[in-house]
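J.: Right, I'll just put the structure down here and ask away after.
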Amino acid sequence: MALLGPSLPEQFSWLVYYSITAILGVVITWIIYRRNLSSGDKEKSGPVPATKAGEEIINNSQTSTNTDRKSLKIFFASQTGTAKRFAESFRQHATLNDIITEVIDLQNYEPEDNLSDETDARKICVFFVSSYIDGKPPEKTAWFFKWLEETSNDFRVQKTLLKGMQYAVFGLGNSVYAENYNKVGKNLDKWLSALSASKVMEMGEGNENVTDSQNGGIEEDFLSWKEEFFKNMLPVLQGKTDCCKNTGQDCHCQQKTDNKEEELYETSSDEDESDEEEEGADGDKVKRSDGVVDLEDLGKMMGKMKKAKAEKESETGSVIANGVGHRKFKKAKDSQAEPKEMITPLLRQSLTKQGYKLIGSHSGVKLCRWTKSMLRGRGGCYKHTFYGIESHRCMETTPSLACANKCVFCWRHHTNPVGTEWKWKMDDAQTILDGATKNHQQLIKQFRGVPGVKADRFQEAMKIKHCALSLVGEPIMYPEINKYVKLLHSHAISTFLVTNAQFPDAIRQLVPVTQLYVSVDASTKDSLKKIDRPLFRDFWPRFLDSLKALSEKGQRTVYRLTLVKAWNTDEIQAYADLIAIGKPDFIEIKGVTYCGESKASNLTMENIPWHEEVVSFVQKLCDQLPDYEIACEHEHSNCVLIANKKFCVDGVWHTWIDYDRFHHLIQRCDESSGEEVFTAVDYMAKTPSWAVFGSDEHGFDPVETRFHRKKRKDISGC
């Protein structure tokens, strides 16, 4: 029988064994599946869509056995990259504390399909959003905010659409923009709340304006808010408590149980709206309950509201709120407070990396590429061609790194501070001149012995002859600009000062300079706003008044036009009208320089006009200007000069400057306390034939050696 196989009882025993093993396997598999499902590793919405590697979405796949734990979903809307950097820093801090995170760029996020899925109680959504032009969101994220705004205001959409979402917002902005300051973050906070999302922490406000920032700068504002967030929310995220129990205070995440859609009156602060007694204007107690006031108490409540409003208006920049993560700030009004330095440590680090030599707390100097070029005998800048400056003897500097515009073509990529008035510590003019001279000469010394540098020009360069006050910022903002200009003249240094046409009074008060420029980057209110992105609300009246102020100056004046293809190249008649207002001696028209990629600007190579296109524009403009003609060109800089016909004497152009004559005239003017005046024609000089428009040299000095760069970006400078 043994040869015939196992007996019937033995077969039954093996069958039972295999059955029990199979059942145990199924049970174990089910337990593992349920544990993974509850750990939160997989989102309800399914797998994350593919995005640009290492840019938009960053995940960590930590697991937890605690079902009360929460994850963080971190969104950012960034124009220049700061909001993205903050989001990644926030994620890193969370990761160190074993928190599950996901970082998403809102430009790749579809709100209509996904936002309602963010109501999972097991996660908290944190938004880092920046405000761009006119308080609008970054360009590529416009759809997200447009959809959210329309949805929150659509009567067909239930106001409970986002009920269950827990969120916090940190906005990035600049308080100099007044009503547009952090507008995107504030709107996001408002729209999420309108759709019943629950705020777990008061909105954080990052302020680029270091003077008004609560913590001394946008980086410090972020670090303070991040610290407060994790201090209060880390126990919640780790499942040790909920946010309402964390501090023993009322918090925003608790939903109201009533069904009213709006309050019957506006509270005077962001304090909790639960039932409580308040003190009326006469000292009596007033009972309020979720915004509803008894009729007999209405008068007392109105008194209370007026008193609270007055107290709030007496404070500057105060934020008073209760709840989890709410920080109580109060900015004291102290007229005796010492003003801050314009250059913060982070700004100093950034500018130093870019090659600036910083002077004191608000000035800088940098070596222009044309200075280096002429040291080697490779040609000078357009001012050499148009006005006869010696580029290797020109110092490019500014007494004010701050500016009142944020132009889209700013070749400094907006690393300088902005403002509408001087509110920083101030260095005296002599200190700035000494520092600028010393630093410029040190930069020149670095070229001693460099191959190609001409020995005679190196020696000449150590004696500064010209100063281009056009490095960056708005030099005319500096309170001692007149003293600074006079000091330059006392050292026989000519002055070429550029202003952005936002300070007409300062232009009128400015002492004579060798040549005064006004940047005219657009000819209409709308295009100027789009291109220059000015801070002043009344930028257009200021602009026009600045042109009028220019017409009142006796010395050489220049309109500087920057052509941006598809932006301002079709405004010929409007430009002609502006020229009639300022009556400049010269009009420089230059194609915009491509300065490489900048997330603060959407300019591309397609916006750069060819030299032939610039010439064509100039010719059409001259047809509208009977008193002007094309005088010079500098093809290398893609720049053309239009001059008033008074500088064409006996058929010969006199656009160059007799610098010795100018210094003689300015000395006599100063000694006579301004009584001996002089005009632009008193110090003009003959223009060489090679610099005249139409010459075979196209504005390139024949004594120089033409050097062609290959596959290099043009960073022409001033």
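Coordinate-derived values only; no laboratory data. Owing to the predicted nature of the structure, the values given are computational and were not obtained by experimental measurement. Note that each Cβ is placed from the backbone with ideal geometry, even for glycine, and that neighbours are counted across all protein chains shown.
J.: Testing the spin-label approximation: label points 7 Å from Cα along Cα→Cβ at Ile581 and Asp627. State their distance in nm.
T.: Calculated label separation equals 1.6 nm.
J.: On to the next question. Roughly speaking, what is the stretch gain from Asp682 to Ser89, that is 0.36 nm per residue apart minus the C-alpha to C-alpha distance, in nm to one decimal?
T.: Numbers: separation 593, 0.36 × 593 = 213.48 nm, distance 6.09 nm.
Gain in length upon complete extension: 207.4 nm.
J.: Taking a 22 Å limit on the Cα-Cα distance, which of the listed pairs Lys620/Lys645; Lys353/Lys530; Lys548/Lys645 fall beyond it?
T.: Those over the limit are Lys353/Lys530.
J.: Given q = 0.14, 0.19, 0.23 Å⁻¹, what are the Debye log10 I(q)/I(0) values for region 72-112, with equal point scatterers placed on the Cα positions and solvent ignored?
T.: With one equal scatterer per Cα and no solvent, log10 I(q)/I(0) is -0.31, -0.54, -0.73.
J.: Now for a separate question. Starting from 0.36 nm per residue, how many nanometres of slack lie between Lys645 and Lys190 once their C-alpha separation is accounted for?
T.: 157.8 nm
J.: Enter the Cα centre distance for the pair region 620-656 and region 172-192, rounded to the nearest angstrom.
T.: Going from one Cα centre to the other spans 47 Å.
J.: How high is the relative contact order of region 402-546? Use alpha-carbon pairs under 8 Å, at least six apart in sequence, and give a whole percent.
T.: 30 percent
J.: Among rounded, prolate and oblate, which fits region 515-569 when a ≥ b ≥ c are the square roots of the eigenvalues of its C-alpha gyration tensor, a/c under 1.5 means rounded, and a/b larger than b/c means prolate?
T.: Cα axes put region 515-569 in the oblate bin.
J.: Pop a pseudo-label 7 angstrom from the Cα along the beta-carbon direction at both Glu613 and Lys454 and give the gap in nm to one decimal.
T.: 3.5 nm
J.: Now a separate question. Checking the a/c ratio against 1.5 first, then a/b against b/c, what shape does the Cα gyration tensor give for region 141-239?
T.: Oblate, since a/c reaches 1.5 and b/c is not below a/b.
J.: With the crude spin-label approximation of a point 7 Å out along Cα→Cβ, what separation in nm comes out for Lys483 versus Trp143?
T.: 5.7 nm
J.: Among the trypsin sites (Lys or Arg not before Pro) in region 153-195, which ones are in a DSSP loop with at most 11 other Cβ atoms within 10 Å of the Cβ? Mind listing them?
T.: In loop regions of region 153-195 (DSSP not H, G, I, E or B), the sparsely surrounded trypsin sites (Lys or Arg not before Pro) are Arg156.
J.: Using r as the Cβ-Cβ distance of Ser673 and Glu421, and R0 as 30 Å, what FRET efficiency do you calculate, to the nearest 0.05?
T.: So, using R0 = 30 Å, E works out to roughly 0.55.
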